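The values are calculated or read from the model by the stated rules, or taken from the named source; none is laboratory data. Computed from a prediction, not measured in an experiment: that's the story for all the values here. So basically every Cβ, Gly included, is an ideal-geometry build from the backbone, and we count neighbours across all protein chains shown. Surface areas here come from the heavy atoms of the whole protein model, side chains and all, with no ligands, DNA or RNA. Shrake-Rupley method; radii C 1.70, N 1.55, O 1.52, S 1.80 Å.
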Amino acid sequence: MDRIRTIKGKGIFISAGIFFLAAFGYFFFVANYVLYFQETQSLFVFSAEYLGKYILKPGGLLEYTGRFLTQFYADRLTGSLILSVILTLPCVILYFIAGRIKRGFSFPLLFIMIPSCLMLIMQANYYHLMEYNIGFILILGYYQLSVLSDKKFYKILVLVIWPLFYYLAGAYALIFAIMYILNNLILTRGKQGLFHSLILLVIVAASFLIFWKILFFQPVEHILFFPLPLLENTIYRSAFILLTVYLIFYPLICSTNIGDKYSWLNKRIFSFLSVVFVLMVGALILVKIYSPQTARVVELEKLIFNEKWQEAINYQEKKPAKNLIGVYFYNIALSETNQLCDRLFFGNQDFGSGALVLPWGDEHLNRGAYFYYTVGLIKEAQRWSYEEMVVYGYRPENIKLLAKTSLINGDFRMAEKYINILKKTIYYRDIAKEYSKIVSNPDLVYSDPELSSKRKILPKSRFFIQFNEPQNNLPLLLSSQPDNRKAFEYYIAGLLLTKNIEVVMKNIGKLKEAGYDHIPRFIEEAVLIYYNSTKSYPDLGGLKVSSDTQERFTKYFSAFVEARKDPSTLKETMQKKFGNTFWFYYHFK
């Protein structure tokens with residue numbers, strides 16, 4: 001028996017090591033967008049005030065622990081390592097549980113690996129949070145504690161401290177209670193098993209009533225279900241139910257003599273082949289649920305938040321995220337690099353002017369501020385960020401943006417408030433230190449490239465923001481600040497995307513006044529469409545259409561005439577050669 005146990009011990013740790021490497025590789029190289037997305041959804045702050053939000057509800061400290069670990073997702077390597085360790089822990093704990101329940105430990109290795117694989121599949125969903133993983137680990141850890149000793153005093157102690165476990169783990173303690181009672185009745189049997197089960201039932205009922213009616217005053221569904229992952233995704237929910245049921249019945253599975261009846265299940269070769277099989281099935285499921293579109297949007301968002309504008313542009317053009325948010329961020333990056341009217345149609349613009357400004361509402365609350373920040377409507381950007389903070393709590397980007405907008409507006413007292421929040425974090429304290437220098441010496445704001453550039457384009461007169469029709473703010477902003485190049489290009493881009501060439505022509509004369517020494521590429525292309533239909537040029541304000549654009553239009557016109565002979569392939573033919581032109585957008589979108 002000792003020989004068998006030694007072999008199995010080696011087997012489980014080798015298998016755990018293989019699983020760890022597989023999980024690490026997946027989240028480091030393939031699905032790191034899951035980690036980054038989750039890290040940006042909350043900002044962990046080392047303060048009593050922040051902790052206070054979590055100690056006033058059952059399961060709150062579990063959530064707090066999850067948020068503490070999630071902050072390390074900001075670093076690709078550290079985050080992947082921590083998550084892989086957490087996902088690997090269940091198979092190790094299950095090994096020790098099986099060894100305690102099944103003396104001699106004749107038990108197939110396959111059964112120990114299943115929960116970790118299910119948790120890996122669940123973690124591939126970017127709404128599966130770290131606290132959910134820790135919750136399942138707490139269930140297993142507490143059950144392992146409950147079977148460590150057969151002494152009566154120890155058994156009673158495990159039951160007596162259950163309310164504390166309920167407070168720490170929330171609804172996961174209820175899953176443990178079901179697991180404990182069911183297996184206690186079947187495995188222990190007799191009066192002792194029934195007695196312990198009845199005691200726990202009384203403790204569960206009493207704890208629930210005290211937590212609900214006396215201590216925490218939380219809604220009943222919160223006491224019963226928080227912080228379980230109640231996501232609606234079919235694959236995710238199936239994995240969650242299967243994992244929960246499997247853990248509840250795991251002690252019963254351990255107590256069976258399946259390993260004795262079918263000794264070949266315990267052979268080393270079968271054990272490792274079965275583990276490989278489970279990992280392969282898991283890998284196939286991961287491939288099925290992997291979303292390249294989501295990965296691209298999150299990666300693009302990451303580049304935008306880190307202000308790597310040109311990298312964001314190159315990424316979107318190479319691996320386009322074909323949804324509204326991806327195009328919106330692409331346009332932000334173009335504007336921040338003053339390329340909006342020179343490169344607009346090099347990227348996907350299937351959403352028209354809707355991808356320039358996001359409408360007000362909860363759906364876009366965490367992203368809509370960046371348009372206003374880009375064009376210089378700093379107070380409106382601050383309002384969006386503040387509303388996001390109120391609705392979703394502290395997040396890295398909303399606190400950073402609130403600090404920056406306060407500095408730009410000269411509200412240094414408010415800026416200091418947000419900077420102090422960033423100082424109480426691990427990964428954002430360096431940014432906070434830089435901003436603190438500006439609070440101490442306000443003149444330094446003019447030496448900061450980003451903040452000083454935004455101050456220069458602040459509107460010089462006041463006007464009411466039209467949040468229901470945000471594109472209407474651009475003419476108002478330009479009236480207040482005519483040399484605001486970013487606002488001007490956003491305004492023209494909106495006209496191009498709505499094919500309003502007439503109004504574009506009326507604004508070309510303002511280019512020189514706005515500091516242009518040439519006509520941006522796509523405005524030139526609009527000019528040639530106008531000229532082709534009217535046979536006259538608009539007022540170009542002393543600027544000229546480049547010979548390159550004229551030559552390109554001649555080729556486009558010739559290709560269009562030729563391709564029109566076969567209407568069924570007209571769009572496809574023109575897209576191959578001229579898909580990145582305003583002319584193609586004007587005729588085919």
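Report which label in [x] 103, 65, 54; [y] 77, 56, 47; [z] 99, 61, 37 holds the value of Cα extents along the principal axes in Å derived from the coordinates of this structure. Looking at Cα extents along the principal axes in Å for this model, the match is [z]. Per residue, region 306-390 exposes 36 Å² of solvent-accessible protein surface, assessed with a 1.4 angstrom probe and all protein chains in place. Pull up the cross-link candidates among the aspartates and glutamates for LYS57, meaning alpha carbon to alpha carbon under 20 Å and not fewer than 8 places away within one chain. Within the straight-line cut-off, LYS57 pairs with GLU49, GLU131, GLU221. In the context of the full protein assembly, LEU209 retains an accessible surface of approximately 90 Å², using a probe radius of 1.4 Å and ignoring ligands and nucleic acids.
Of the residues GLY494, GLN316, THR534, the one whose Cα sits farthest toward the positive end of the charge dipole of the chain, with +1 on the Cβ of Lys and Arg and -1 on the Cβ of Asp and Glu, is GLN316.
The residues of region 419-484 present an accessible area of 61 Å² per residue when probed at 1.4 Å with all protein chains retained.
If you look at the Cα atoms of region 324-483, you get an Rg and a Dmax of 16.0, 47 Å. A straight line joining the Cα centroids of region 335-401 and region 107-169 runs 42 Å. Separation of region 190-204 from region 55-87 is 34 Å, based on Cα centroids. Between the helical axis of 412-423 and the longest alpha-carbon principal axis of the chain there is an angle of about 40 degrees. Sorting HIS128, HIS222, HIS587 by accessible area puts them as HIS587, HIS222, HIS128; the probe is 1.4 Å, largest comes first, and only protein heavy atoms count.
Compute the relative contact order of the chain as a whole-number percentage, counting only Cα pairs closer than 8 Å that sit 6 or more residues apart in sequence. Walk me through the numbers on the way to the answer.
Values: 723 pairs, mean separation 72.5, N = 589.
The normalised contact order for the chain reaches 12 percent.
Computed on region 1-96, with alpha-carbon pairs under 8 angstrom and 6+ residues apart, the relative contact order is 40 percent. With Cα atoms as the point set, the radius of gyration and Dmax of region 349-433 evaluate to 13.6, 43 Å.
In terms of the Cα gyration tensor, with a ≥ b ≥ c the square roots of its eigenvalues, is region 384-435 rounded because a/c is under 1.5, prolate because a/b exceeds b/c, or oblate?
oblate
Would you mind pulling out the separation of the Cα centroids of region 497-529 and region 571-589, in Å? Each part reduced to its Cα centre gives a spacing of 19 Å. The shape of region 438-589 comes out prolate: with a ≥ b ≥ c from the C-alpha gyration tensor, a/c is at least 1.5 and a/b beats b/c. Placing +1 on each Lys and Arg Cβ and -1 on each Asp and Glu Cβ, with no other charges, gives the chain a dipole about its Cα centre of roughly 1820 debye.
Separation of the alpha carbons by more than 23 angstrom is noted, of LYS319/LYS555; LYS379/LYS456; LYS53/LYS155; LYS151/LYS191; LYS404/LYS460; LYS404/LYS486, for LYS319/LYS555; LYS53/LYS155. Loop sites here are GluC sites (Glu not before Pro) outside DSSP states H, G, I, E and B with no more than 16 other Cβ atoms within 10 Å. The longest part of the chain free of them is 1-231. Using only the alpha-carbon atoms, how far is helix 234-255 inclined from the longest principal axis of the chain? Give it as 0 to 90 degrees, nearest 10. Roughly 20 degrees, rounded to the nearest 10.
Take region 10-132 with all the other protein chains still there, run a 1.4 Å probe, and you get 33 Å² of accessible area per residue. The residue among GLN481, ILE431, LEU194 whose Cα reaches farthest toward the positive pole of the charge dipole of the chain, with charges on the beta-carbon of Lys, Arg, Asp and Glu, is LEU194.
At a 1.4 Å probe, what is the % contribution of carbon and sulfur to the accessible area of the chain? It is 61 percent, rounded to a whole number.
Projecting the Cα atoms of ILE465, TYR516, PHE560 onto the dipole axis of region 462-589, where Lys and Arg carry +1 and Asp and Glu carry -1 at the beta carbon, places PHE560 farthest toward the positive end.
Relative contact order for region 420-490: what is it in percent, counting Cα pairs under 8 Å that are at least 6 residues apart?
Relative contact order of region 420-490: 18 percent.
Between helix 268-289 and the chain there is an angle of about 30 degrees, using the helix long axis and the longest principal axis of the Cα atoms.
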